[in-house]
Structure formats: C-alpha cells, structure tokens
Amino acid sequence: MPYLLLPLLLALHSADAAPKTASIPTQDVYAHDGEVKTTTGAMHFAVVGDSRAAVASDKVSGRVSIEGAEQAIVADIAATVEDSRLKFAVLLGNMVATGSTGELKNFTKEWVAALAGSDIAEGGGTRVKSVPVCGVTDRSGDEWLTGFGAAFPGVGANIGANRVASWYTFDVSADGKVWRFVVLDTDKAALGSRWEEQMAWIEGAMKGKYDHVLVFMNQPKLTLAKGAKDNDGGGPVELLDTVEQSTDLNAIVGVFSGNTGSNEIFLPGGRLGEAYINVSSGAPAATLSRWRTNPELKLESIYDLQLIKAFDHAVDVRGLAEGTVDHAKARGSYEGFIGEYEGRAFPIAGWWNVSIAGDTLTLDFRMWDPSGTSDAGNGTLDTVYHADWDKKDGWKIGADAK
C-alpha cells in the first residue's frame, strides 16, 4: 500500500466510525452556559447516573448487569414529574456504553417517557428537560463529542471552532436565592489539551452574584464502590480545588458524581461540610463497601442504616444467601473484615429527587427494589433516605425516610 494513501484511509475509517449526527434524536436541554432560570418557590429536579449497558471492563471490576432497573427508574421519574413538579433531570454521564449513533438512539428510546426531546413519548404526558454531563463511556468512539453535541444541542461553554465543550454553568434563582450549577468533565487524560481550556475557564465561570453552588461531575472524588477509584486520574480533586479557590468559603453544598456502579453519600466534613453523592441508575452494579480504614472513609451513617433496613427486607423477600448476609454485616466467616453489599445480590440502583428553595436543599434517594411488583414487572422504587440542608445548620439527616 502506498504510504501516502494510509492517512486518507484512516481518515475515511474515522469518518465512517464517527456518529452520524443527522440521525441522532435530540434531547431538550434545560439551560445553556451562563443562562439564569428563575422560579417562584422551590425548584425540583432529578439526578440520575450511569444507565449504560455492560462494557468489557465490567467483568474485570466485578460489576454485574441488572435487568429491569433502568426501565423501572425511567417509569418512576416519569410518574414523579407531575407529583413532584420536576423541571429537569441531571444526567451524570455514562448514559451509553459508547458514543455511537445506535447507542444514542437506544438511549432516547429507553428514556423517552421521562426526557423531553424530538421523539414523542407513547401516551404523551409531561416530560423533563436534560442537564447532561459527559461520562467516560459517552465519549468512547466519539472523542470530539460530535454525537454528544448532536444529542444535546447547544450544550457546553462556547469554546469556538464548532467544538463541543463538556463543561458549563447556569444559575437557578429559587425563592429569592441563586444557586449556581457547575458541570465539569473530570476525565483529564481523555480531554488532552482541552483540560487546560476547562481549567482556565473555571475562574471566570465562578464570578458573578450567587449564594450557593452545586457541582456535577462524571467521576467521583470519593467512593467505596468496588472497581471505582477515589479521584481517578487526579481530575476530580484538581477541578474541585480550583472551584473552591474561585468561590466563597462554604459556598459548595453538594457534589454529585457518576461512574461508580452504586449510590453513595458521604459527609467527610461533618454536617457543615459539603455532601458527596454518587449516583447509578441501572448500569451494571458494583459491590459497595460500607467503610474502609486506609484512607478512612465511611458511608453517611443514617444512609448506611437505611441500606441495612432495605437489605434485611431483601433477605426476607428474596431469601439472600447466608454468606451474602454475613458479608454485608461483617459477621460469621466475614467477622473482622469490611462489610460489603454485594452487587450481584443487592444492587443499589436508583435516582435522587432534589429540591432547592432559598437557603435550603432537600434530598430523597429513590431505590430500586427488584422484588417489588409493578405492571411492567421491572420492580418498584421507594424512598429509603431523606436529608435536608440549610445555610444556618448544615445537613440534617432524618432517621426515617419520608
């Protein structure tokens, strides 16, 4: 083969493999970079995380596919739109296994009942707009995010040259106080030179008048999920440190992340510090440790208690194996070891119902129960955990979920 033909053939192959943007259904984006939304009273929104299909690395990390969770979560959000007055859904990335045209079409088909967009939902009904975060797998095969940008038109900060940015901010004025939403891309290695663009953008993006900050990222700063890592690649901490340096002390109330295969909440700074919430909404499930000693980290104690209650229910209803029970409760043959909720037996999948109003925020975790009965046969969801935050007293955790 003549050497000069090789670049041409590679270019043609790349063009053929790239997403075909014209055929990708579009999702309605709730807010664009720098936009300000205003509401009287509370603003209610959903936060969902990984919903992708299985990928090769799941086997290595021990993540196990769970059937029916994503469908049940979509149905639950769709049913909650009217009751809870949801306005939008934050999608914390890993929506698809790859950024291909087919995968993005499948995502629309699976989420059309809950997310507003170009495709029409069967049976109609109110749907919510999207606040997308680009995940690690979403850019697989779509390095320049052409498919991501086609699926979410106008998303991201303006970085010129018809490129798609995976970072942006917008403000929500709710009951007289302004909450700044900051969407970041933690995948430092994949971004390459765009990483420095994002870092340089943060200082200017955090200027202006606002009262509180919520951060949304595709990888966590902290996690106890097996197969996931704290601060993977260094991006999460570097970004959060830069945001903290660019805003007022204690302005950050919560940091939401994906890419863990489980749902977690941590309060490492106590009730007056920010919460770290990791979300997984139907992707293959990871085994979740309840604590670790080096470096020290544990699930928020009431959250862990509520998971134990849900676990005990699963033992009664589904007859989980004795070894699985001992593993979760660190007893029997597991005495002296770390308690762990096994992903294959007790997947912790669901979504978070969030509201902001003035100087307050509320969180409800809606957890999937595969043994629950529903018309579609995909299990049910129940609120198993509730938390409140206010500017004066910080986080207040209810022992009983609402």
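The values are calculated or read from the model by the stated rules, or taken from the named source; none is laboratory data. Everything numeric in this text was worked out from a predicted model, so none of it was measured. Quick reminder, even Gly has a Cβ in these numbers, built from the backbone with ideal geometry, and neighbours come from all protein chains shown. Keep in mind that these areas ignore ligands, DNA and RNA; they rest on the heavy atoms of the full protein, side chains included. Shrake-Rupley method; radii C 1.70, N 1.55, O 1.52, S 1.80 Å.
Worth pointing out:
- Overall form of region 345-402: prolate. Here a/c, set by the Cα gyration tensor axes a ≥ b ≥ c, is 1.5 or more, and a/b is the larger of a/b and b/c.
- Counting protein heavy atoms only, the chain has 51 percent of its accessible area on carbon and sulfur, 1.4 angstrom probe.
- Of the GluC sites (Glu not before Pro) in region 33-127, those whose Cβ has at most 12 other Cβ within 10 Å and which sit in DSSP loop: 67, 122
- Peptides 329-339, 283-293 ranked from most to least packed, by the mean per-residue count of other Cβ atoms within 10 Å: 283-293, 329-339.
- Within a straight-line Cα-Cα reach of under 18 Å, residue 392 can be paired with the following aspartates and glutamates, leaving aside sequence neighbours fewer than 8 residues apart in one chain: 175, 211, 248, 274, 359.
- Calculated FRET efficiency, residue 162 to residue 126, Cβ-Cβ distance, R0 = 22 Å: about 0.05 to the nearest 0.05.
- log₁₀ of I(q)/I(0) at q = 0.08 Å⁻¹ - the chain, Debye sum with one point per alpha carbon: -0.40
- Take each peptide in 171-182, 51-62, count the other Cβ atoms within 10 Å of every residue, and average; sorted highest first, the result is 171-182, 51-62.
- In terms of its C-alpha gyration tensor, region 120-227 has a rounded overall shape, because the principal axis ratio a/c (a ≥ b ≥ c, square roots of the eigenvalues) stays below 1.5.
- Solvent-accessible heavy-atom area per residue, rounded to whole Å², over region 271-355 at 1.4 Å: 41 Å²
- For region 340-366 versus region 132-189, the gap between their alpha-carbon centres in whole angstrom: 23 Å
- Sequence-separation-based contact order of the chain, relative, with Cα cut under 8 Å and 6+ spacing, percent: 19 percent
- Working ranking of peptides 268-276, 306-314 by packing, defined as the average number of other Cβ atoms within 10 Å per residue, highest first, is 306-314, 268-276.
- Normalising the average separation of contacting C-alpha pairs (under 8 angstrom, six or more residues apart) by the number of residues puts the relative contact order of region 79-154 at 42 percent.
- Qualifying lysines (Cα of each under 22 Å from Cα of residue 105; at least 8 residues distant if same chain): 20, 129
- Computed over region 143-244, relative contact order equals 22 percent, with contacts defined as Cα pairs under 8 Å that lie 6+ residues apart.
- Anisotropy class of region 291-367 from Cα gyration tensor, a/c 1.5 cut: oblate
- Other residues whose C-beta falls under 10 angstrom from the C-beta of residue 214 contribute a net charge of 0, scoring Lys and Arg +1 and Asp and Glu -1.
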